[in-house]
C-alpha cells in the first residue's frame, strides 16, 4: 500500500515530504498518469495540481477507473478540487474549502485555481489564484476591512482579469481602481507579514495529505470507494486511453496494430479472439459468442456463424475494442508474433521518432487518411473501398479511419522498407 501525491505550485514537494516522508510524490497530474499498474488496489492517490492548459488534462474516467480498481482518490486545492466536486457522488473524496466552494457553486471556471508557472525545477506560481483572493476577501469581511457587497464587486472585477495577469501588484492595483485602497493596504500588509496567510490551496493540499495519512497508515480494513452510479462509463475513448497508458509494455498497442495490418492470417486470429475475448466470449465457453451474436444481432446473423464465407458480414457488424491492459487479451492478439515482428515494430517506430525530431515542422497528422488508405489497399490487396472496409472488419478495425490511425506511426518505416527493396538492397534490418 502506498500514498501517491500529485502536486505542483499549490504545495511544493519539499513541504509535503517534510510532513509525510513516506509518500510517493509526483509532479502535476496529466492525462494517463492514473492508468499504470504502479497504482494498485489499496493505494491512496491525492490529486492536488494538474496540467490542463497546454497539455491534455486528467480525464474524469481515469479517476473512475482508479476507483473501480480499489484505489482511494482524494482531491483538493486545484484540479483535485474540481474533479472531486464533479465526481464525489461516484466515490472520489473532496477535501477543503476550495472543494466545497466548487461543490456549492461559488466558483465554476477552471481559472479560479489556475496558476501559471515554469516547467523547469520546482513549479513556482506567477499569479495569485482566484480562490486565494476569495479567502482574503472573506477574511477582510470578518475583519471589518471590506463590506460583503464591496467584496463581491472586487471579486467580479478580478474574475474578468486573465488568470496569468493576476499578480500581486496587479491585484493591489485593481483593488485601488475599485475604490478599495484600505483593503489593498491591509492585504499587502498581511501578505508581507505572513506570505501564506491566505494560501487556501496550500492549506487544503496539506489537509488532503493528512487525510491520506490517516486512511493509509495503518492499513484500512474497509474497501476503497468505488463508483456507485449504474451508468456504464467505460466508453470507447476510455478503452483507448487505457490501452495507451495501462499496459506494462507502452508499445503493446503498436505491436497489436502491426499484427492487425501486416500479418497475413490475422483475420483468423481476430475470429478466434471474438470467440474467446473477455467482452464477447471466454475460455471453455465456445457457445457464449454464439449467444452474444444471437442476442445482439439476431437469429439470421447467428446462422452466418456456420458459413466461413459469411464471416466478413459478422466482423463488419461486430468490432469490440480489445482491453490490452488485460494480459490474456493481448496474448490472444499477439499469439503469432515473432521476434522479427517485435524488432521491426521497434525499428519503424524509432525511425518515425527520429524523422519527426529532425523535421519539427512536420507531424503524423499530415499523413492523411487518403494516403493511409492507398497503402492499406496495397498491403491487403484490396483495391476497392468496399473490399478495404470488409478487410478492416476482418482485422478488428471498426472503420477505415481507425485502420489509418493504426498505420500512421508505421508509414515512414514501411515506405523506407519499400524503397530499400526497390534499390536491391533488401529489406531494412529487422
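The values are calculated or read from the model by the stated rules, or taken from the named source; none is laboratory data. What you see is a predicted model, and the numbers here were worked out from it, not measured in a lab. As a convention, Cβ positions derive from the backbone with ideal geometry for all residues, glycine included, and neighbour counts pool all protein chains shown.
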Looking only at the stretch 302-355, how many residues end up being in a helix (DSSP H, G or I), free of Cβ contacts under 8 Å to residues at least 24 places away in the same chain and within 23 Å of residue 414 (Cα to Cα)? 4
Number of the condition not met by residue 295 [criteria: (1) at pLDDT 85 or above; (2) loosely packed, with under 15 Cβ neighbours inside 10 Å]: (1)
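Restrict the check to the stretch 1-23 and report whether at least one residue is within 16 Å of the chain's Cα centre (by Cα) and surrounded by fewer than 19 Cβ atoms within 10 Å (Cβ to Cβ). Please lay out each step first, then the result.
The first filter runs over the stretch 1-23 and keeps only residues within 16 Å of the chain's Cα centre (by Cα), leaving 6.
Going one step further and asking which of them are surrounded by fewer than 19 Cβ atoms within 10 Å (Cβ to Cβ), we end up with none.
No, because not a single residue in the stretch 1-23 is within 16 Å of the chain's Cα centre (by Cα) and surrounded by fewer than 19 Cβ atoms within 10 Å (Cβ to Cβ).
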Can you tell me which residue in the stretch 375-389 is farthest from residue 410 (Cα to Cα), limited to those that are in a helix (DSSP H, G or I) and more than 32 Å from the chain's Cα centre (by Cα)? 386
All but one of (1) more than 25 Å from the chain's Cα centre (by Cα); (2) under 18 Å from residue 50 (Cβ atoms); (3) assigned to a loop (DSSP other than H, G, I, E, B) hold for residue 114; state the number of the condition that does not hold. (1)
Go through the stretch 59-90 and give me each residue that's surrounded by fewer than 24 Cβ atoms within 10 Å (Cβ to Cβ) and in a loop (DSSP other than H, G, I, E, B). 59, 69, 70, 71
Please state which one of 75, 80, 91 is in contact with a strand residue (DSSP E or B) (Cβ under 8 Å, 6 or more places away or on another chain) and on the phi > 0 side of the Ramachandran plot. 91
State whether the residues of the stretch 391-404 include one that is out of contact with any helix residue (DSSP H, G or I) (no Cβ under 7 Å at 6 or more places or on another chain) and more than 28 Å from residue 297 (Cα to Cα). no
Would the stretch 356-364 turn up any residue that is outside any helix (DSSP H, G or I) and surrounded by 11 or more Cβ atoms within 10 Å (Cβ to Cβ)? yes
Flag if residue 154 is part of a helix (DSSP H, G or I), over 30 Å from the mean Cα position of the chain (by Cα), within 27 Å of residue 52 (Cα to Cα) and touching a residue at least 24 places away in the same chain (Cβ under 8 Å): yes
Do we have any residue at all in the stretch 401-420 that's surrounded by fewer than 16 Cβ atoms within 10 Å (Cβ to Cβ) and under 22 Å from residue 241 (Cβ atoms)? yes
Condition (residue is in contact (Cβ under 8 Å) with a residue 60 or more places away in the chain and part of a helix (DSSP H, G or I)) applied to the stretch 182-193: is it met by at least one residue? no
Residue satisfying all of: in the stretch 74-97; within 17 Å of the chain's Cα centre (by Cα) and without any contact (Cβ under 8 Å) to a residue 60 or more places away in the chain; farthest from residue 129 (Cα to Cα) among these: 87
Looking only at the stretch 98-110, decide whether some residue is buried (at least 19 other Cβ atoms within 10 Å of the Cβ), touching a residue at least 40 places away in the same chain (Cβ under 8 Å) and either at positive phi or assigned to a helix (DSSP H, G or I) (or both). yes
